[in-house]
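The structure under discussion appears below in the form of structure tokens.
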Amino acid sequence: SKLAALFEHPLYNIPVPEVTEKDKLFIINPMEKFSLRSSGSDEWVSSSKAETLLPTGKTAYDTYPTWLKFHIGINRYELYPRQDPLLPVLLWDLAMQRIISSVQKSGGTQLKLIMTFPNYGQALFKPMKQTRDQETPIDFFYFSDFERHNAEIAAFHLDRILDFRRIPPVSGRLVNITKEIWDITTDKKLAKTFFISPAGNVCFYGECSYYCSTEHALCGKPDQLEGSMAALLPDKTLAKRHSWRSPWRRSYHKSKKAEWELNPNYCAQVRETPPYDRGHRLLDLIDMTILDFLMGNMDRHHYETFEKFGNDTFLLHLDNGRGFGTHSRDELSILAPLQQCCSIKKSTYLRLQLLATPPYRLSDVLQEALAADPLAPVLAEPHLRALDRRLGKVLVAVGHCLAR
């Protein structure tokens, strides 16, 4: 296994700083227990309502559902640990747990659903909108592109392979539209948009500002629909997040250019502007830029951080559905922060060099990681080849910086 060998490499075993209480997102009561109802239902209840006692020798933590263990494991330095035994269990839950509620997520430009499981866990479901081998039309603007379910899955694994670990876990899932959405939804607006197509397939379109109409309906075969299931982060009422506008945000206009596209010395003023004037925020943003370039994502207008950790923490790489839309073109403008600032973390650079060598080739390790997903193959072969080509271009860009 190239993937196992990669994660055993010394570059993937650099220790994170010691995690103190103030570095944890949540401080938990070690005595608070969760227990299954003795009636045999799937629901979890807190210890105040528990009808059964813990088996001897088990700690309260052992009783927590996987999603809760994921939440309380978040700290200042990482969303989840490198060698996290919870990860395969959480991915299995996302793919296999029974869905007891499906409602539309408010806001956003395209249809997304919040799915709830019997253990109170929740996931964000993005349905399949195009096939693996369809490319984004060359005349499409980046802001009118589809969000792709397979891009969300591949982005999670790519982010982990780069050792960023800043994307919440994502699994593919085949959903039954009738039983797992239509029959159980309490969302009246969503319920009104279901219909049977002339071909006899179950379809729905929801309500949103783009692509929510009969012409853009999502249809099953006859009611089976692929989608990505992403573990939700803790509710913002429990763990506030700060949304930051990216300094290299695009203009989102058909003809206007952003300032960074016109000013070759743009990075100099970014370096003088908080929060980029101290700490590793700018280097973290360049990490995110490299991730976006590798998957061809031009739609990174904002990013988020957990408020509790201030400026000294990682960036959350959320909403990656507009990646992996094209494999035949490389959008070099995505690399503008790296090219203009000529800065990169040494650890990131060394890992990129490693992923360009045959024993750890990026396309090979990502293909191996994606092979375990329920919807495999997740990416078409040309997208995997494009990753190796783009990785070479990132290394060339760093080489130009070193030469300067």
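Observations
- Reach of Lys33 by Cα under 15 Å, taken over aspartates and glutamates that are not fewer than 8 positions away in the same chain: Glu43, Glu51, Asp62
- Value at 222 nm in deg cm²/dmol, rounded to 500, when DSSP H runs of n ≥ 4 in the chain each add -39,500 (n - 2.57): -8500 deg cm²/dmol
- Unsatisfied cross-links (Cα-Cα over 21 Å) in the set Lys129/Lys221; Lys257/Lys346; Lys112/Lys221; Lys105/Lys257; Lys188/Lys236: Lys257/Lys346; Lys105/Lys257; Lys188/Lys236
- Relative contact order [Cα under 8 Å, 6+ residues apart], the chain, whole percent: 17 percent
- Overall, the accessible surface of the chain at a probe of 1.4 angstrom is composed of carbon and sulfur to the extent of 56 percent.
- Probe 1.4 Å, protein heavy atoms only - accessible area per residue of the range 216-302 in square angstrom: 50 Å²
- A cut-off under 10 angstrom between Cβ atoms defines the neighbours of His280, and their net charge, with Lys, Arg +1 and Asp, Glu -1, is 0.
- Cross-link partners of Lys58 among aspartates and glutamates (Cα-Cα below 19 Å; sequence separation of 8 or more within a chain): Glu32
- By the rule of a C-alpha distance below 16 Å, with chain neighbours fewer than 8 residues away ignored, the aspartates and glutamates paired with Lys22 are Glu78, Glu307, Asp312.
- Taking Lys and Arg as +1 and Asp and Glu as -1, the other residues whose beta-carbon sits under 12 Å from that of Ala239 total +2.
- Estimated FRET transfer efficiency (Glu261, Thr109; beta-carbon r; R0 25 Å; 0.05): 0.65
- Each peptide in 309-322, 254-267, 206-219 was scored by the mean count of other Cβ atoms within 10 Å over its residues; highest first, the order is 309-322, 206-219, 254-267.
The values are calculated or read from the model by the stated rules, or taken from the named source; none is laboratory data. Just so it is clear, the model here is predicted, and its values are computed rather than measured. When we count neighbours, we look across all protein chains shown, and the Cβ atoms used for this are built from the backbone with ideal geometry, even at glycine. For the accessible areas, the whole protein counts, side chains as well, though only heavy atoms, and no ligand, DNA or RNA atoms are used. Shrake-Rupley method; radii C 1.70, N 1.55, O 1.52, S 1.80 Å.
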